[in-house]
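Read the structure below first, then the notes.
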Amino acid sequence: MAIPFIINKVLLNKSVHIQRLLSNHHHMLDLLSMRRMWYQQTMFGWFQIKPMTSSRRVQDRSKNKRIHYLEIVKEKWKILSKVLFLMELLKKETEMVIPLRSLDKYRKQLNLPKPHKITDFIRKCPKLFELYKDQRGTLWCGMTKEAEDLLEEEERLIEEQSTKAVEYVTRILMMSVDKRIQLDKIAHFRRDFGLPIEFRTKWVNQYPQHFRVEKSKDGVEFLELVNWNPAWAITELEKRTLGLNDGIGREPGIISLPFPLKFPPNYKKVYRHGGKIEHFQKRSYLSPYAAARELKAGSLEFDKRAVAVMHELLSFAIEKRLVTDHLTHFRRELVMPQKLMRLLLKHFGIFYVSERGKRFSVFLTEAYEGSELIEKCPLLLWKEKVLSFIGYRGKKKEVPIFSDLSDMEERDMIEEKDIIEGDTEMEDTCADFEEEEIMGGLDAVSPTNDDELEISHVCNSYKGTS
């Protein structure tokens, strides 16, 4: 009896042991399968994330890589853009006045989201704008005599600089692959290249010897090159480095000139470039004015020519600064890479990208000495003059009441949609200023009523937060 009992006990223990082993085995298989799934998910996620982390994005930069004196420049012109928009808006009105409630629809362009008051913005520029009140208590906004004189001065300067503006527009067409560019795209650079407000309606038709407006089957307007000018087929870099005045007698081809580089003082600590910059500078490249249709996207020759095109466009700009969103519109016409921002960030000694504001801007670093442009054209000096009028001193003044505003009252009763219906020039103005910016310009550094608001406050305020 004892022997069978012992045998059964052993068999029972063995069975239990086998079951435990099988259970552990299944558990191990579950763990292995979970581990395998986890590895697959991790690897898949890694492949998804890697392009983002390896790309050169502005947001990925550390604060040490920001050039603060150029960020101050961006902040300064951001404030000015709001003022210029309002001046141009008032200029289009018959009597250069507009009901305050009509300005409410331009909050986006003025970058004054609610609950910010438009009246507070206007009161911060008493040397340029005035508030009036009619007998019915309706508030109106108008310009001071100083502001009207500034607009007349701007018209005169634009007229004087028209020859240079024609040259720049023609040279952009000469750089394009099809020798024509959509008119709306060029209109984005109206203020950057010193073009008048009636650029699309009048100005483009005044120089038929250089370009003409053509409509496509879809009704899209294009600006088309009429005559190739060999005198203008030379880059600004060649002019400065080689002392050439024009390109007559030479075909645009291979260029072997290095680009001027300017780095922030601490660039060696925050950038690891090795010998890549030296190799890039020694490499020859195709002139922006040479035919580039056959260049292979992604090749070294393609990328360096794109840098040359960007360098040329920024050299044309009054402030040597352009909005990157507008530049991306020219990728096909000017044969530039799809990932243009990566190219700009890669060549940080030639360009600097500022992410301050709603839209990014790219600077030509060689053109600046600190926060000041080395060479200032008359239109830039005019902008600085307008900037000097921005600010206020003292407490708020009472709004004067005028009785002789019958014409204003009639216009105040016009429906909002009728005021701007069919106004192409106003659409151009709105498009020009939609680039600007995040809320913070004037309001971010607003002093008390007894203080004076000047541009120096903006610079100091920004330095304190950087």
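Structure notes:
- For the set 91/385; 124/145; 78/339; 202/346, the pairs lying more than 28 angstrom apart at their alpha carbons are 202/346.
- Computed on protein heavy atoms with a 1.4 Å probe, the accessible areas place 66, 200, 305, 240 in the order 240, 66, 200, 305, largest first.
- Prolate/oblate/rounded label for the range 170-318 (Cα gyration tensor, a/c 1.5): prolate
- FRET efficiency, residue 116 to residue 162 (Cβ-Cβ, R0 51 Å, nearest 0.05): 0.85
- For residue 358, nonlocal amide neighbours, meaning residues 5 or more places apart or on other chains whose placed amide H falls under 5 Å from its own, are 437, 438.
- Accessible area of residue 336 in the full protein assembly, 1.4 Å probe (Å², nearest 10): 10 Å²
- Other residues with beta-carbon under 11 Å from the beta-carbon of residue 295 carry, at +1 per Lys or Arg and -1 per Asp or Glu, a net charge of +1.
- Distance from the C-alpha centroid of the range 62-105 to that of the range 127-151: 17 Å, rounded to the whole angstrom.
- Taking amide H positions as modeled 1.01 Å from N, with prolines and chain starts lacking one, the residues under 5 Å from residue 129 and 5 or more places away or on another chain are 144.
- Note on residue 227 and residue 95: with the Förster distance fixed at 51 Å, the Cβ-Cβ geometry gives a FRET efficiency of about 0.75.
- In terms of accessible area, using a 1.4 Å probe and ignoring ligands and nucleic acids, 130, 167 rank largest first as 130, 167.
- Accessible-area value, residue 202, 1.4 Å probe, nucleic acids and ligands omitted, Å²: 120 Å²
- Residues 153, 301, 88, sorted by accessible area with the largest first, give 301, 153, 88 [1.4 Å probe; ligands and nucleic acids excluded].
- If you sort the three axes of the alpha carbon gyration tensor as a ≥ b ≥ c, you get a/c of 1.5 or more for the range 256-360 and a/b no higher than b/c, which makes it oblate.
- Entry comment: accessible area of the range 177-325 is 51 Å² per residue, from protein heavy atoms only and a probe of 1.4 Å.
- Computed 3J(HN,Hα) for the range 67-77, one whole-Hz value per residue from the Karplus formula 6.51 cos²θ - 1.76 cosθ + 1.60 where θ = phi - 60°, is 8, 5, 6, 7, 5, 5, 4, 4, 5, 5, 6, glycine and proline marked x.
- As a fraction of the 1.4 Å probe accessible area of the range 164-303, surface on carbon and sulfur atoms comes out at 50 percent.
- Amide H contacts of residue 192 (H built 1.01 Å from N, under 5 Å, at least 5 apart or other chain): none
- 1.4 Å probe accessible area per residue over the range 116-162, in Å²: 47 Å²
- Label positions at residue 152 and residue 236, each projected 7 Å from the Cα along the C-beta direction, are separated by 3.2 nm.
- With a Förster radius of 51 Å applied to the beta-carbon distance between residue 369 and residue 136, the computed FRET efficiency rounds to 0.40.
- Where labels lie 7 Å past Cα in the beta-carbon direction, separation of residue 185 and residue 198 in nm: 2.7 nm
- The local environment of residue 364, defined by Cβ-Cβ distances under 13 Å, has a net charge of -3 under the rule Lys, Arg +1 and Asp, Glu -1.
- Placing dummy labels 7 Å off each Cα toward the beta-carbon, the span from residue 218 to residue 145 is 5.2 nm.
- Phi-based couplings in Hz for the range 232-237 (Karplus 6.51, -1.76, 1.60; Gly and Pro marked x): 9, 7, 9, 6, 5, 5
The values are calculated or read from the model by the stated rules, or taken from the named source; none is laboratory data. Keep in mind it's a predicted model, so treat the numbers as computed, not measured. Cβ coordinates were reconstructed from backbone atoms using ideal geometry, including for glycine residues, and neighbour counts include every protein chain displayed. All accessible areas refer to the heavy atoms of the entire protein, side chains included, with ligands and DNA or RNA removed. Shrake-Rupley method; radii C 1.70, N 1.55, O 1.52, S 1.80 Å.
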